[in-house]
Amino acid sequence: MDIFNSPQRKRFFQSMKMGWYNVCPIEEGTGIPLTDQESPYALYYCHKVPPQTIQEIKHASELVGSVLMEAWSIVRTLDEETLLYYGFPQDAIKVVKHDSLAPFCMRLDWCWNEGTGVKKVIETNPQTPSFWFECTEGNGKVAEHFELQDPVFNTQNILSLSLNQHIQRAALLLNKSVQECRIAFTALNNAEDLGTMRWLSKKNKHKSAVLPLEYLRIKDGEYLFDSRTGKSIDILFMWYPIEWLIYDTDDKGERLWSALEQLILEKKIVIVNFGSAFALQPKSIFALITDLGLDFFSNRDAETIFDYFPRTSMMPEKIGNSYFAKPILGREGAGGFAVKSGEVAVRSHSNDPWYTEQDYVYQELLELPSLEIAQQSMTVVWGAWLYNNGQDELVSGGVGMRVSEGTITDNISYWCPIGC
């Protein structure tokens, strides 16, 4: 059976109400879906994985989460010069240092290569809705369809508990009860991002609205509101990159960031997983962890860094003549390239100047695992979600697998459902 494009595949994923089983690339900087380039995303297939592998990835992810929470607390104490060195946009620094509401969630990407024994976290993605439903709910539905077991149990309850705790904490920052707060979820107006936000909003036990990003407006520096209804917003889940947002303009060409920044700094709105999440979004966070050195961390975290973090630096010569280079604010593999023995071995097919003109970070070159699917050898990247347990400790949630025909996982790679 054709796992990429068949009537059975279409019927099944439509029955799941997963509107992004096929995807369109997003034009960088505008967020506009390029519909003429639609391609398959969800594979009509379920790869069987040993339960022990899932448990090991979850446990390792929680250990990594402990290091990242320590890194978050460090970033908030760094001066502007240091943050600029590590590639933080100057316009984002105030919000990063101001946001005291710790990250709500993040997705880790893993090189989990059981064949070679190399098990390293490649990067953290705290400010993205991508690959969320798939790891939390989608795998279980596909596994059941193919008569396998859900690989990770109780993930939806963990997500719902963490989400509602974070909403409560956001309300406290506003000195309001949750019942007094208007809650909204927003993202780019495409099937994947907005569909994921609709799904996420159902995990919230309080009344909320879901709206495309373009309907957000600011009223005279006083409040954020939904232009469709005119209602103000107190707590917002905005899944849109800060590094794009700080450059966005209105119809008159006026930049919007300063007005939003003012609302945040004056605590007229709380945006969940925003400044605190962006503190861990630059790929240079791994370089900061490397630069701090093992002695800086507790024994447990130092052991985690030694075992699971790849050596990463702002300078390639500190890594050697084989490394993977990625833009500091890179996303989905864009602008990345691998150097092997001093020669460029492979480049991402996506090389928009938005990414290639950024400063880069350099990471030791890792061999990603491969998997034979439909008579094709696919490169595998594992994703693992972590959630704040309400005490600023990260606990494991869903786990999932992305596969790609090339050696760099990018925005046209596939979701390969998994089961046990």
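The values are calculated or read from the model by the stated rules, or taken from the named source; none is laboratory data. As the structure is a computational prediction, the values presented were derived from the model and not from experiment. Neighbour counts are summed over all protein chains in view; Cβ atoms, including those assigned to glycine, are modelled from backbone coordinates with ideal geometry. Note: areas computed on protein heavy atoms with side chains; ligands, DNA, RNA excluded. Shrake-Rupley method; radii C 1.70, N 1.55, O 1.52, S 1.80 Å.
Among the GluC sites (Glu not before Pro) found in the range 279-368, those both in a DSSP coil and sparsely packed, with 15 or fewer other Cβ atoms within 10 Å of their Cβ, are 357, 367.
Of the cross-linked pairs 119/283; 94/268; 94/318, those separated by over 24 Å at the C-alpha level are 94/318. Set the Förster distance to 25 Å, then compute FRET efficiency between residue 340 and residue 405 from the Cβ-Cβ distance, nearest 0.05. The formula returns an efficiency of 0.80 here. Centroid-to-centroid, using Cα positions, the range 107-135 and the range 316-387 are 13 Å apart.
Placing unit charges on the Cβ atoms of the charged side chains and taking the dipole of the range 110-181 about its Cα centre, the candidate lying farthest along the positive direction among 174, 125, 135 is 174. For the chain, the Cβ-based charge dipole about the Cα centre amounts to some 1360 debye (Lys, Arg positive; Asp, Glu negative; other atoms uncharged). Each helix, a run of at least 4 DSSP H residues, gives -39500 (n - 2.57); summed and divided by the residues of the chain, these come to -8500 deg cm²/dmol at 222 nm.
Choose one of 278, 297, 394: the residue whose Cα lies farthest towards the positive end of the charge dipole of the range 278-420 (beta-carbon charges +1 Lys, Arg; -1 Asp, Glu; about the Cα centre). My answer, from the dipole projection, is 278. Entry comment: accessible area of the range 277-330 is 41 Å² per residue, from protein heavy atoms only and a probe of 1.4 Å. In terms of its alpha-carbon gyration tensor, the range 318-420 comes out oblate; a/c meets the 1.5 threshold, while b/c is at least as large as a/b. Cβ-Cβ distance of residue 359 and residue 223, R₀ of 25 Å, FRET efficiency by 1/(1 + (r/R0)^6): the value works out to about 0.10. Rounded if a/c is under 1.5, else prolate if a/b beats b/c, else oblate: with a ≥ b ≥ c from the C-alpha gyration tensor eigenvalues square-rooted, which is the chain? Rounded shape, in that the Cα axes give a/c under 1.5.
Length available on full extension from residue 294 to residue 161: 0.36 nm per residue minus the Cα-Cα distance, which gives 44.5 nm. Each of 159, 227, 206 was scored by the projection of its Cα onto the charge dipole of the range 149-255, and the greatest displacement toward the positive side belongs to 206; charges sit on the C-beta of Lys, Arg, Asp and Glu.
Spacing of the modelled spin labels on residue 231 and residue 265, each 7 Å from Cα toward Cβ, amounts to 3.0 nm. For the chain, the relative contact order is 24 percent, taking Cα pairs closer than 8 Å that sit 6 or more residues apart in sequence and dividing their mean separation by the residue count. Convex hull volume per residue, computed on the Cα atoms of the range 1-114, equals 194 Å³. GNM remark for the chain: springs join alpha carbons under 10 Å apart, and the peak mean-square fluctuation among 193, 251, 150 falls on 251. Label positions at residue 100 and residue 15, each projected 7 Å from the Cα along the C-beta direction, are separated by 5.1 nm.
Could you list the GluC sites (Glu not before Pro) in the range 8-116 that lie in coil according to DSSP, counting only those with at most 15 other Cβ atoms within 10 Å of their Cβ? Of the GluC sites (Glu not before Pro), the ones in loops of the range 8-116 whose Cβ has at most 15 other Cβ atoms within 10 Å are 27, 38, 114. Taken about its Cα centre, the range 15-141 carries a charge dipole of roughly 540 debye when the Cβ of each Lys and Arg holds +1 and the Cβ of each Asp and Glu holds -1. Using only the C-alpha atoms, the convex hull of the range 84-199 corresponds to 175 Å³ per residue. FRET efficiency for the residue 252 to residue 367 pair, using the beta carbon distance and R₀ = 41 Å, is estimated at 0.20.
In a simple Cβ point-charge model (Lys, Arg +1; Asp, Glu -1; nothing else charged), the range 86-187 has a dipole of about 540 debye relative to its Cα centre. For the range 230-271, relative contact order (Cα pairs under 8 Å, six or more residues apart, normalised by length) works out to 46 percent. Expressed as a whole percent, the accessible area of the chain that falls on carbon and sulfur atoms is 47 (1.4 Å probe).
For the range 200-277, calculate the relative contact order in percent as a whole number, restricting contacts to Cα pairs under 8 Å that are 6 or more residues apart. Don't skip to the answer; put the middle values down first.
On the way: 77 pairs, mean separation 20.9, N = 78.
Computed over the range 200-277, the figure is 27 percent.
In plain terms, if you count all Cα to Cα distances in the range 128-281 and split them into 5 Å steps from zero, the share in each step is 2, 8, 16, 21, 20, 14, 8, 5, 3, 2, 1, 0 percent.
What is the range 170-250 by shape, rounded, prolate or oblate, if you read a ≥ b ≥ c off the alpha carbon gyration tensor as root eigenvalues and call it rounded for a/c under 1.5, prolate for a/b larger than b/c, and oblate otherwise? Oblate, since a/c reaches 1.5 and b/c is not below a/b.
Rolling a 1.4 Å sphere over the protein heavy atoms, what is the accessible area per residue of the range 57-130, to the nearest Å²?
33
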